[in-house]
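Everything on this sheet refers to the single structure shown next.
The values are calculated or read from the model by the stated rules, or taken from the named source; none is laboratory data. As the structure is a computational prediction, the values presented were derived from the model and not from experiment. Because the Cβ atoms are built from the backbone with ideal geometry, glycine has one as well, and the counts that use them run over all protein chains shown. The accessibility values were calculated without ligands, DNA or RNA, using every heavy atom of the protein model including side chains. Shrake-Rupley method; radii C 1.70, N 1.55, O 1.52, S 1.80 Å.
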Amino acid sequence: MITAFVLIKTDAARIPETAEEISAIEGISEVYSVTGEWDLIAVARVHRHEDLADVIADRLSKVQAVVHTMTHIAFRAYSQHDLDAAFSLGFEQ
């Protein structure tokens, strides 16, 4: 699975609507509204690198209120949360 993080600037008046529209795109697993320079961060998860072009360039970037995007492709995931969850199955804390 290939994961990419897409930082998105939008029309400020349409952030919630834009997030909903982006979250409906196949290949987008999550959309977060965030503080700072960017308005939204979308997480794209696809099986092939070529699929990123379909999801990001052909669909996400063409959402009407999207003004600018910057995409970061993940090399490797490090998550203590996932490890803790795997080793604590069946045990309550």
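Could you give log10 I(q)/I(0) at q = 0.13, 0.17, 0.20, 0.21 Å⁻¹ for the chain, computed by the Debye formula over C-alpha point scatterers of equal weight, without solvent? Ignoring solvent entirely, the Cα scatterers give -0.49, -0.73, -0.90, -0.96. Taking the accessible area of the chain, probe 1.4 Å, and keeping the other protein chains in place, the carbon and sulfur fraction comes to 54%. Ordering 19, 8, 31 by the projection of their Cα atoms onto the charge dipole of the chain, which places +1 on the Cβ of Lys and Arg and -1 on the Cβ of Asp and Glu, puts 8 at the extreme positive end. Heavy atoms of the protein chains alone define the surface here; on that basis the chain has 72 Å² accessible area per residue at 1.4 Å probe size.
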